[in-house]
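The values are calculated or read from the model by the stated rules, or taken from the named source; none is laboratory data. Every value quoted in this text rests on a predicted model; they were computed, and no experiment measured them. Note that each Cβ is placed from the backbone with ideal geometry, even for glycine, and that neighbours are counted across all protein chains shown. The accessibility values were calculated without ligands, DNA or RNA, using every heavy atom of the protein model including side chains. Shrake-Rupley method; radii C 1.70, N 1.55, O 1.52, S 1.80 Å.
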Amino acid sequence: MQIHQLNVSHNERQDRLLLRLNTQTAEEFRFWLTRRMALRLVPALEQTIGRLESTQARVMAPDPASQQILTELKRDAFMQKADFKTPYVEQAQKLPLGDEPMLVTDVQLQLQGAGVLLTLQDKGAVAGQTQSCQLNLQASLVHGLIHLIGQAMDKAAWQASDATPEP
């Protein structure tokens, strides 16, 4: 699957993040991320991309502080080149996971070559069965995903320590 675009938005009515990605072959995959899942996913993605960046670096990053600096440098370089202005194309011809977004209840991350294998699962999809989707993300897409989730969480005011709903 060749990922073409990523989009993350906050759905106020559901109070969830809607993660959408479309592919070069006009498929769209949709996922619901709850607040709890998003708050757990971002640090895990950051840690995983840090490990990936430190194993691929020409300069060794022997300790966590050095790994974090290296990751931030790589993220800054990516952000300079990234295109966050092009609108998300919403004309998917195929929805492999169905019309309704999959509710993500579990995530697994694995380093795989020059990228990260992200497995999103709904463990209670249908009568105790698990629905899952595997995404092989290059480092740049992981940085982009972290950025987009962070923006959506900021808009939803999920990261505020005193995040209370408006009256």
Could you list, in sequence order, the residues of region 30-60 that are open to solvent by 30 Å² or more (accessible area, probe 1.4 Å) and assigned to a helix (DSSP H, G or I)? Arg35, Arg36, Leu39, Arg40, Pro43, Ala44, Glu46, Gln47, Arg51, Thr55, Gln56
Thr105 passes all but one of the listed conditions (1) farther than 17 Å from Leu17 by Cβ; (2) open to solvent by 60 Å² or more (accessible area, probe 1.4 Å); the exception is number (1)
Here's a check for you: in region 1-29, which residue that is of a type in the set (A, V, I, L, M, F, W, C) and either open to solvent by 50 Å² or more (accessible area, probe 1.4 Å) or closer than 14 Å to Val89 by Cα (or both) is farthest from the chain's Cα centre (by Cα)? Ala26
Any hit, region 79-86, residues being in a helix (DSSP H, G or I), at pLDDT below 70, open to solvent by less than 30 Å² (accessible area, probe 1.4 Å) and farther than 23 Å from Thr23 by Cβ: no
Please determine whether any residue of region 92-102 is of a type outside the set (S, T, N, Q), open to solvent by 30 Å² or more (accessible area, probe 1.4 Å) and modelled with pLDDT under 75. yes
